Amino acid sequence: MNYRNRGLTEMIQRVIFLGKGIVTLSLVMVFVLAIGKEYRAVKPLWKMTVKNLDRLIDPEEIQAKARLNTLNNYMPASYQPLLEFVESHGAKNNGKIQNHYVDYYEKIVEFMPQNADAHALLGFCYYHLAEPQKAIAAYQKAVALNPQFFWSAYSLGVIYFQNQKYPQASAVLSSAISSSVDATLTLLYRSRVYQPLIAIADKDLPSRLRKGYENAYVLLVLSQYRQKKFAEVIKSCRAAIKADFEHKYFFYEYLGAALDAVGEKGLAVQALQQAIVLKQTAVSRLSLPEDIALEVF
């Protein structure tokens with residue numbers, strides 16, 4: 001077989017391998033065999049054939065279907081163990097999250113790097129695998145992609161606080177409490193990533209979110225106080241008191257302490273007196289800062 005015929009045969013095999021354009025290929029073969037034109041004469045038609053095949057085969061569509069099939073293969077058979085782990089704040093399974101959930105969320109962010117919800121849940125997984133730096137990076141990405149979602153900023157703030165990074169905690173917790181309650185709830189209900197968990201959770205999401213905001217204010221006040229930023233403590237405490245959270249006595253206590261630190265003795269006494277009254281009538285006690293944990297929703 002001479003060079004030209006071998007080249008033509010190889011190109012015919014390539015068309016067959018693609019699996020499309022069989023009719024067009026047949027026309028090419030008939031044309032070549034009938035009139036015996038040289039490869040140079042066939043080449044323009046070959047180019048046209050390949051161009052027509054490109055129109056029939058959409059690479060992006062094929063890639064999207066492949067990604068979807070891969071994600072379906074990684075998708076957990078059940079989200080109940082993950083939900084139980086979330087609700088127990090990591091007490092289940094000896095404090096270790098099951099690896100197939102990690103694999104699933106890693107695959108989502110690989111295929112859809114702009115999916116903030118997947119980054120957030122991956123951060124939660126990394127945190128419970130004792131990989132705080134990976135958790136921080138994942139939550140940072142989630143916050144950057146969706147700064148209006150409360151729970152991502154809150155969880156990042158919790159990690160910073162636990163690691164005594166008070167300036168970073170103050171910044172991200174301030175962002176968390178400025179986020180919209182309605183926006184966060186809307187995002188939760190619409191999220192395809194969160195839906196499998198929400199669907200089986202027996203939770204009042206608005207009440208849970210309000211508790212999250214209270215905890216965010218608690219950690220924010222403590223972060224500011226430990227940096228001796230008393231003016232900021234006063235501002236945060238007053239905002240929390242205005243929000244009428246369940247444990248207002250805490251915020252009156254720190255308001256009194258901060259006012260005393262800046263020389264407002266009279267106002268400090270009033271705030272501390274109010275704290276004593278509210279504490280005596282409180283139905284429950286506020287969780288200790290070290291007991292405030294990451295939340296998913």
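Looking at region 82-134 only, could you name the residues that are surrounded by fewer than 22 Cβ atoms within 10 Å (Cβ to Cβ), modelled with pLDDT under 90 and touching a Lys or Arg at 6+ places or on another chain (Cβ under 6 Å)?
GLU84
Scan region 141-151 for residues that are part of a helix (DSSP H, G or I) and either surrounded by fewer than 24 Cβ atoms within 10 Å (Cβ to Cβ) or in contact with an Asp or Glu (Cβ under 7 Å, 6 or more places away or on another chain) (or both) and jot them down.
Kept after step one, since they are part of a helix (DSSP H, G or I), are these residues of region 141-151: 141-145, 150-151.
Passing the criteria: LYS141, ALA144, LEU145, TRP151.
Test each condition in (1) surrounded by 15 or more Cβ atoms within 10 Å (Cβ to Cβ); (2) touching a helix residue (DSSP H, G or I) at 6+ places or on another chain (Cβ under 7 Å); (3) part of a helix (DSSP H, G or I) for VAL193 and report the one that comes out false.
(3)
Within region 156-174, identify whether any single residue is under 30 Å from GLU232 (Cα atoms), basic (Lys, Arg) and either surrounded by fewer than 20 Cβ atoms within 10 Å (Cβ to Cβ) or touching a strand residue (DSSP E or B) at 6+ places or on another chain (Cβ under 8 Å) (or both), and answer yes or no. Before the answer, list the steps.
If we filter region 156-174 for residues that are under 30 Å from GLU232 (Cα atoms), which is where we start, we get 156-174.
Checking which are basic (Lys, Arg) leaves us with 165.
Now narrow it down to the ones that are either surrounded by fewer than 20 Cβ atoms within 10 Å (Cβ to Cβ) or touching a strand residue (DSSP E or B) at 6+ places or on another chain (Cβ under 8 Å) (or both): 165.
Yes, because at least one residue in region 156-174 is under 30 Å from GLU232 (Cα atoms), basic (Lys, Arg) and either surrounded by fewer than 20 Cβ atoms within 10 Å (Cβ to Cβ) or touching a strand residue (DSSP E or B) at 6+ places or on another chain (Cβ under 8 Å) (or both).
Can you tell me which residue is farthest from the chain's Cα centre (by Cα) among those in region 250-273 that are of a type outside the set (A, V, I, L, M) and buried (at least 22 other Cβ atoms within 10 Å of the Cβ)? Show your work before the answer.
We begin by selecting, within region 250-273, every residue of a type outside the set (A, V, I, L, M); these are 250-254, 256, 260, 263-266, 270, 273.
Pick out the ones that are also buried (at least 22 other Cβ atoms within 10 Å of the Cβ) and you get 250-252, 254, 256.
On the way: PHE250: 31, PHE251: 30, TYR252: 34, TYR254: 33, GLY256: 38 Å.
This residue is GLY256.
Looking at region 152-179, which of its residues are more than 16 Å from the chain's Cα centre (by Cα) and in a loop (DSSP other than H, G, I, E, B)?
ASN163, GLN164, LYS165, SER178 - these are the residues of region 152-179 that are more than 16 Å from the chain's Cα centre (by Cα) and in a loop (DSSP other than H, G, I, E, B).
In this structure, does TYR139 turn out to be within 11 Å of the chain's Cα centre (by Cα) and modelled with pLDDT under 95?
Details: within 11 Å of the chain's Cα centre (by Cα): yes; modelled with pLDDT under 95: no.
It is false that TYR139 is within 11 Å of the chain's Cα centre (by Cα) and modelled with pLDDT under 95.
The values are calculated or read from the model by the stated rules, or taken from the named source; none is laboratory data. As the structure is a computational prediction, the values presented were derived from the model and not from experiment. Glycine also receives a Cβ, built like all others from the backbone with ideal geometry; neighbour counts cover every protein chain displayed.
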